[in-house]
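The values are calculated or read from the model by the stated rules, or taken from the named source; none is laboratory data. Nothing here was measured: the structure is a model prediction, and the numbers come from that model. Positions of Cβ are generated from backbone atoms using ideal geometry, with glycine treated the same way; all protein chains shown enter the neighbour counts. Each accessible area value is taken on the protein alone, full model and side chains, heavy atoms only, with ligands, DNA and RNA left out. Shrake-Rupley method; radii C 1.70, N 1.55, O 1.52, S 1.80 Å.
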Amino acid sequence: MTTQPEQQNGVGTQDAFQRLWTPHRMAYIQGENKPSGPEAGDGCPFCGIPEMSDQDGLVVARGKHVYAVLNLYPYNGGHLMVVPYRHVADYTELDDNETAELADLTKRAMVALRKASGAHGFNIGMNQGAAAGAGIAAHLHQHIVPRWGGDTNFMPVVGHTKVLPQLLADTRQMLADAWPL
């Protein structure tokens, strides 16, 4: 037995699809938290996050040269980023210590995500420059996106919507607890 979709005025042409509204995504679409320019003082969120508490900044772990933080607009539950404290745009600008610690925190992130959520695989990478898709091109950051067998469904493909099963604050605490020392 199927139910008739609720009729709503003002939602456009009736197409028998029900809507799942995700108004929080408008902040990302409209550019909230995006820097006004390429310099550290231009409102770069990656420069501001280290000044916050771990809970407020969604920081999972801090190193000497880089830190791991949850993505505020995640591709998948548990989507982390490893970010240098220093405001640099390009991977080739990292010094040897920053490069080594970025690699180390990436490995630790994988261990924590496997322990905390049973991740089956990962998409790991950097988008270097706006032309390559970097949302914040002026401050380098590496994405660690956990994946699970069968984690794709119709929502991202048809609805351009990602359904996340957990609040970011809860995910941050789970991963911080699972972070290897």
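Largest to smallest in accessible area, the residues H143, H120 fall in the order H120, H143 (1.4 Å probe, all protein chains included). Say the dipole of segment 77-140 comes from +1 at the beta carbon of Lys and Arg and -1 at that of Asp and Glu; which of A89, G121, A131 then lies farthest toward its positive end? Positive-end residue among those listed: G121.
Here's the list of aspartates and glutamates a cross-link from K34 could span, going by alpha-carbon distance under 12 Å and ignoring same-chain residues fewer than 8 apart: D42. Summing +1 for each Lys or Arg and -1 for each Asp or Glu among the other residues whose beta-carbon sits under 14 angstrom from that of K107 gives +1. Of all the accessible heavy-atom surface of segment 58-181, with the other protein chains kept in place and a 1.4 Å probe, what percent is carbon and sulfur? It is 57 percent, rounded to a whole number. Restricting the chymotrypsin sites (Phe, Trp or Tyr not before Pro) of segment 80-159 to loop positions (DSSP other than H, G, I, E, B) with no more than 15 neighbouring Cβ atoms within 10 Å leaves W148.
By the rule of a C-alpha distance below 16 Å, with chain neighbours fewer than 8 residues away ignored, the aspartates and glutamates paired with K64 are E51, D54, D95, D96, E98, E101, D104.
How much net charge surrounds W179 when only other residues with a Cβ under 13 Å from its Cβ are counted (Lys, Arg +1; Asp, Glu -1)? Combined, the nearby Lys, Arg, Asp and Glu give +3.
Residues whose amide H falls under 5 Å from that of V60, counting only those 5 or more places apart or on a different chain, are A68, V69, L70, with hydrogens built in the peptide plane. In this structure, the amide hydrogen of A89, modeled 1.01 Å from its nitrogen in the peptide plane, lies closer than 5 angstrom to those of L140, counting only residues at least 5 positions away or on a different chain.
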